[in-house]
Structure formats: C-alpha cells, structure tokens
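> After the structure tokens below, expect a handful of questions from me.
The values are calculated or read from the model by the stated rules, or taken from the named source; none is laboratory data. Owing to the predicted nature of the structure, the values given are computational and were not obtained by experimental measurement. All Cβ positions, even for glycine, are placed from backbone atoms using ideal geometry, and neighbour counts span all protein chains on display. Ligands, DNA and RNA are excluded from the accessible area calculation, which covers all protein heavy atoms including side chains. Shrake-Rupley method; radii C 1.70, N 1.55, O 1.52, S 1.80 Å.
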Amino acid sequence: NDRVGLIAPDRLNKLFELTPLQTTYHVNMLALVNEIEPRVLNLKEVLQEFIGHRQVVVRRRSEYDLARAKERAHILEGLLKALDAIDEIVATIRASKNRDVARTALIEKFAFSEVQANAILDMRLSALVGLERQRLQDRGHLADWENKSGKKYRRKHGCHDRCKHGRDLSFRDCR
C-alpha cells in the first residue's frame, strides 16, 4: 500500500477535536492607534503597534536619562570650579549670615548658577574641602548618554535589547 503513514481526514479531525493538537483562541485585538483612534487590528498590526510603542518608551526613557545626566554634569562642573577657589568659597560661606546671603554671594562673586550654588551649600563643609578633582571629572562624561539617545539605530537596538531582557526575566515558570 502506498499510503502507509497517512491518516484519514476524518481521523485527523477527531484528533484535533479530542486532543490539544489544535487549539483556537478568540481574541478581541482592539487598540488605540495613534493614541486616539480605537481600531480592531490583525496580529501583524498589533505587533507593529507594540514595537512602535516600545520604541517611543525607550526614546523617552533615554531623553529623561540624558536630561538627568546633563543636570548632574552641570552640578559637577560647578563643583570643579569651586575646587579651584575652595578657600575663598569657604570664607564666603562662613562670612554669610544665612543660606540666602551665601547663595547670592556665590552667584555674584564666582558666577555660579543657582543650582550649582545650592549644590555647594548642600554639601557639608568637610566634604566640600575634601573634594577630589579626578573623581568629579570621571563622573562628568556625557558622551555616552548623548550617543545613546541621539541615534535612531541605537534606539531600535535599545528597544530590542529591553524586549529580549524582559522575555528572559518575565516568567521563570512554564507558561
């Protein structure tokens, strides 16, 4: 017989009915497209919308991280500048009657921004005197953040890496 190993269609249909060889899921894939328009999407469109959403999330996260890094670099720049004139700054702070007078004196005398002056005033005097130049310079590099957020290629790969990372860590048990 030349049909050895073939299963008759009626037996195949019974196998599909009675075993988990074939399972049907009913899914309502309604999504907000372009953040305003609710639409029912097919699987390909759902995946495209999800990937687009993840890219937006990664871009926004990178922009947020870059903004925080720029703020930190601005403060570190002020601390490096303060390190050059540390004795005068300590004398100015000690001569001031209160915090507001000290902040104003630092801004006027040393051309610090208000954020930098507040950062200097927030430090303990012993920490201010003991600042290490090399450690501050090492912390102040922004090139990595700017490269990370500035290129579309990196954003796509960042999204891919985060999705892959999430896939590996989401579920530790069999699902």
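> Give the number of residues within the range 69-79 that are closer than 20 Å to Gly130 by Cα and either surrounded by 16 or more Cβ atoms within 10 Å (Cβ to Cβ) or of a type outside the set (A, V, I, L, M, F, W, C) (or both). Working first, answer last.
Taking the range 69-79 and keeping what is closer than 20 Å to Gly130 by Cα, we get 72-79.
Next, only the ones that are either surrounded by 16 or more Cβ atoms within 10 Å (Cβ to Cβ) or of a type outside the set (A, V, I, L, M, F, W, C) (or both) stay: 72, 74-79.
Residues that pass the stated criteria total 7.
> Suppose the filter is loosely packed, with under 13 Cβ neighbours inside 10 Å and not basic (Lys, Arg); does Leu66 pass it? Before the answer, list the steps.
Working: loosely packed, with under 13 Cβ neighbours inside 10 Å: no; not basic (Lys, Arg): yes.
So Leu66 does not fit the description; no.
> Looking at (1) assigned to a loop (DSSP other than H, G, I, E, B); (2) at pLDDT below 85; (3) aliphatic (A, V, I, L, M); (4) out of contact with any helix residue (DSSP H, G or I) (no Cβ under 6 Å at 6 or more places or on another chain), which is the one condition that is false for Leu21?
(4)
> Would you please name the residue that is surrounded by the most Cβ atoms within 10 Å (Cβ to Cβ), looking only at residues in the range 24-36 that are part of a loop (DSSP other than H, G, I, E, B) and of a type in the set (A, V, I, L, M, F, W, C)?
Taking the range 24-36 as the starting set, the residues that turn out to be part of a loop (DSSP other than H, G, I, E, B) are 24-29, 34-36.
Next, from what is left, pick out any that are of a type in the set (A, V, I, L, M, F, W, C): 27, 29, 36.
Details: Val27: 7, Met29: 12, Ile36: 6.
The residue in question is Met29.
> For the range 85-114, enumerate the residues that are loosely packed, with under 12 Cβ neighbours inside 10 Å and closer than 25 Å to Arg68 by Cα. Before you say what the answer is, go through the steps one by one.
Of the residues in the range 85-114, the ones loosely packed, with under 12 Cβ neighbours inside 10 Å are 87, 91, 94-95, 97-98, 100, 108, 111, 114.
Across the range 85-114, the qualifying residues are Ala111, Glu114.
> Next question, about the same structure. Look at the range 38-56 and say how many of its residues are in a loop (DSSP other than H, G, I, E, B), open to solvent by 60 Å² or more (accessible area, probe 1.4 Å) and aliphatic (A, V, I, L, M). So that I can check it myself, show each step before the final result.
So in the range 38-56, the residues in a loop (DSSP other than H, G, I, E, B) come out as 41-42.
After this cut, where a residue has to be open to solvent by 60 Å² or more (accessible area, probe 1.4 Å) as well, the list is 42.
Filter again for aliphatic (A, V, I, L, M), leaving none.
Summing the residues that are in a loop (DSSP other than H, G, I, E, B), open to solvent by 60 Å² or more (accessible area, probe 1.4 Å) and aliphatic (A, V, I, L, M) in the range 38-56 gives 0.
> Tally time: how many residues in the range 93-104 are more than 24 Å from Ala73 (Cβ to Cβ), in a helix (DSSP H, G or I) and touching a helix residue (DSSP H, G or I) at 6+ places or on another chain (Cβ under 7 Å)?
1
> Quick one: how many residues across the range 81-115 are in contact (Cβ under 8 Å) with a residue 12 or more places away in the chain and polar (S, T, N, Q)?
Summing the residues that are in contact (Cβ under 8 Å) with a residue 12 or more places away in the chain and polar (S, T, N, Q) in the range 81-115 gives 2.
> Output the qualifying pairs, or none if there are none: Cβ atoms under 7 angstrom, residues six or more apart or on different chains, first residue in the range 51-72 and without any contact (Cβ under 8 Å) to a residue 12 or more places away in the chain and under 14 Å from Glu35 (Cα atoms), second residue part of a helix (DSSP H, G or I) and open to solvent by 100 Å² or more (accessible area, probe 1.4 Å).
If the second residue must be part of a helix (DSSP H, G or I) and open to solvent by 100 Å² or more (accessible area, probe 1.4 Å), no pairs are left.
> Is there a residue being modelled with pLDDT under 85 and assigned to a helix (DSSP H, G or I) anywhere in the range 109-126?
Within the range 109-126, one or more residues are modelled with pLDDT under 85 and assigned to a helix (DSSP H, G or I).
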